[in-house]
1. Once the Cβ-Cβ distance between ASP179 and LYS303 is put in as r, and R0 is 56 Å, what FRET efficiency do you end up with, to the nearest 0.05?
2. With the cut-off at 1.5 for a/c, could you classify segment 244-364 from its C-alpha gyration tensor as rounded, prolate or oblate?
3. Within segment 162-205, list the residues whose amide N lies under 20 Å from a label point set 7 Å along Cα→Cβ of TYR140.
4. Counting only DSSP beta bridges with both residues in the chain, tell me the antiparallel percent, nearest 5.
5. For segment 57-164, state the average projected area of the convex hull of the C-alpha atoms over all orientations, rounded to one decimal in nm².
6. Between TYR344 and PHE411, what is the label-to-label distance in nm when each label sits 7 Å out along the Cα-to-Cβ direction?
7. For the full complex of protein chains and a 1.4 angstrom probe, list ASP220, ASP214 by accessible area with the highest value first.
8. Given the peptides 77-83, 58-64, arrange them by the average over their residues of other C-beta atoms within 10 Å, most packed first.
Amino acid sequence: MKVLIVGGGGREHAIAVALKKSPKVTELFAAPGNGGISEIAACFPNIKATDISGMVNLAKELKADYVFVAPDDPLTLGMVDALEAAGIKAFGPCAGAALIEGSKVFSKGFMKRHNIPTAAYETFTAPEKALEYIKNNRSYPLVIKCDGLALGKGVIIAQNYEESEEAVTSILSGEKFGDSGKEIVIEEYLNGAEVTVLAFTDGISIAVMPASVDHKRAFDEDKGLNTGGMGVIAPAPYYTEDLTKTCMDTIFLPTIRGLAKEGRAFKGCLYFGLMLTQAGVKVIEYNCRFGDPETQAVLPLLKTDLFEIMTAVIEERLSCIDIEWNAEKSACIVMASGGYPEKYQTGFEIKGLENIRDAEVYHAGTKKDEQGNFVTAGGRVLGVTALGETLEEALDNAYREVEKISFERAFYRQDIGKKALTIALQQHI
């Protein structure tokens with residue numbers, strides 16, 4: 001079977017590696033792809049992930065049997081709808097279901113309608129009304145979110161009124177996130193341990209993956225700006241079987257059933273961003289696709305053929321297959337360009353990749369230069385994933401391999417997993 005992967009980041013590289021293992025996948029393509037993906041798939045770098053007509057035409061030209069739409073933008077723009085209309089089978093939700101990520105206002109309203117636990121909130125389009133609300137509700141920190149997609153950076157945690165005012169005015173004016181900020185959500189700040197749960201679903205049944213812990217801040221001790229993610233461990237050491245059952249009953253199944261009830265049946269991978277608070281588990285956010293870099297930590301634990309799961313989701317027979325996971329632990333360390341998530345330089349040669357022995361290196365922002373060398377081409381450059389019998393072992397293995405790789409102005413967090421392991425120890429898990 002011929003499979004075309006839409007996207008060009010570390011997540012897509014991890015998906016490509018997993019699909020490549022399937023004996024049923026005879027040819028693998030990616031658009032736009034990246035340097036690392038080009039080693040195992042034919043890439044089409046001139047086609048943007050958001051080019052719906054271009055991607056449909058490419059799938060036709062390649063005679064692709066399936067298209068795996070990985071990023072959020074093309075999903076919310078309706079790429080799956082367009083592919084299916086052209087008679088091409090695609091993995092991912094339709095635009096109506098992808099709205100669960102595409103609009104924070106919709107997702108909060110959806111949770112309210114279906115009694116899914118989440119933070120208390122209000123929505124605003126006028127800055128003066130938003131600021132009046134903030135003045136009357138003096139509780140900080142305060143979470144301010146733009147309604148639409150913003151590369152995972154559309155959330156501001158304000159520590160005081162001045163920061164709240166700056167966030168509200170910059171978002172609603174369009175200055176910070178453009179059209180994605182035409183409406184905002186202001187919600188209470190939740191305290192607790194965060195966890196991400198990815199789940200396969202065919203709109204009827206659901207199969208959850210090992211829970212993971214992402215690290216959003218740029219620097220150690222959760223300092224610096226929010227990023228797309230600087231590292232992940234899986235499984236989350238404090239996410240117990242009891243929590244899994246609670247989430248299944250109060251969050252996962254109600255979400256799938258609620259979407260179906262509203263005529264938005266979700267087929268693909270649904271991302272649940274959760275906060276384990278003293279008042280119980282609450283949903284921070286939904287994503288309509290595999291997370292990045294969560295995918296780079298979770299998929300290496302998958303024993304079942306990803307192609308088989310993909311086709312089962314598309315054909316609405318997910319409940320008919322048994323999905324198995326490796327018992328090992330996983331750690332992914334992200335190596336980024338100096339200056340990320342703000343301004344950064346690219347084009348630096350990446351050295352040491354040939355020395356990696358005990359890890360999988362997923363390329364996120366790379367390309368090949370005229371000499372065939374890998375060079376940096378993005379903010380997040382590489383995700384180095386290693387396994388181990390314990391999380392401590394997995395982290396040690398990952399960091400040991402990271403130290404073998406270098407490029408100018410490279411940086412990475414050196415405390416991935418430490419906070420999660422401390423929480424688990426305190427809870428005697």
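The values are calculated or read from the model by the stated rules, or taken from the named source; none is laboratory data. For clarity, every value in this text was computed on a predicted model and none was experimentally measured. Every residue, glycine among them, receives a Cβ derived from its backbone with ideal geometry; neighbour counts consider all protein chains shown. These area figures cover heavy atoms from the full protein model, side chains too; ligands, DNA and RNA do not enter into them. Shrake-Rupley method; radii C 1.70, N 1.55, O 1.52, S 1.80 Å.
1. 0.85
2. prolate
3. 162-172, 185-192
4. Among the beta bridges of the chain, antiparallel pairing accounts for roughly 80 percent.
5. 8.7 nm²
6. About 1.0 nm, to one decimal.
7. ASP220, ASP214
8. Going from most to least packed, we get 77-83, 58-64.
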